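> Structure in structure tokens, see below.
The values are calculated or read from the model by the stated rules, or taken from the named source; none is laboratory data. Just so it is clear, the model here is predicted, and its values are computed rather than measured. Don't worry about glycine lacking a Cβ; one is built from the backbone with ideal geometry, like all the others, and counts go over all protein chains shown.
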Amino acid sequence: MPEFGDIAIGKRGGMDVWRKCKECSRGFWTPANKDYGTCFLCWYKPGAEYEVQSGASKGTVYVKLAEDDPQYDMTCKFGFLGGGWVRRGRLVIARQLRRSLTEGEVVRRRDKNQANDDVKNLYLQRRGAGFRWWMKKDRKSF
Ligand SMILES: [Zn+2]
């Protein structure tokens, strides 16, 4: 284990410092020019939102849930900032229906805007329904 205050070359080539989290006392690496005070597990409290900055799902907002949340079973448990994250659109629909969505249910957006998670903009589809509709529409077959 590194000592608090230790410095190492960070992932992006800059200097990283091993700091002690003010809340949970765990150690964590952070860039030398930034002092967040807490580790990322304490920083992202239940209810926190995280917007994807790049890639195919850019603009998608994830929400962190507490472990006793009724919709916690919808979240991804591993990796990704300590787990417990769910896409905000799915959460909005789940809260509306008062039940968790299954793997086979996909939340789609009428205006195709990933960031618009208004209830009126969202609708539920079965996984693969869009594809079946497309097949029927053009009478395609393989
Ligand atoms: Zn912490």
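> Can you pull out the strands (runs of 3 or more DSSP E) entirely within the range 1-70 that have at least 3 residues that are farther than 21 Å from Leu91 by Cα?
Output list reads 7-9, 15-20, 27-31.
> Can you name the residue in the range 118-137 that is assigned to a loop (DSSP other than H, G, I, E, B) and modelled with pLDDT under 90 and, of all such residues, is nearest to Pro70 (Cα to Cα)?
Per the stated criteria, the residue is Arg127.
> Are any of the residues in the range 45-63 among the small types (Gly, Ala, Ser) and within 16 Å of the ligand (Cβ to nearest atom)?
Yes, there is a match, as at least one residue in the range 45-63 is among the small types (Gly, Ala, Ser) and within 16 Å of the ligand (Cβ to nearest atom).
> I would also like to ask the following. For the range 74-84, what are the residues that are surrounded by 12 or more Cβ atoms within 10 Å (Cβ to Cβ) and either part of a loop (DSSP other than H, G, I, E, B) or at pLDDT 90 or above (or both)?
Met74, Thr75, Lys77, Phe80, Leu81, Gly82, Gly83, Gly84
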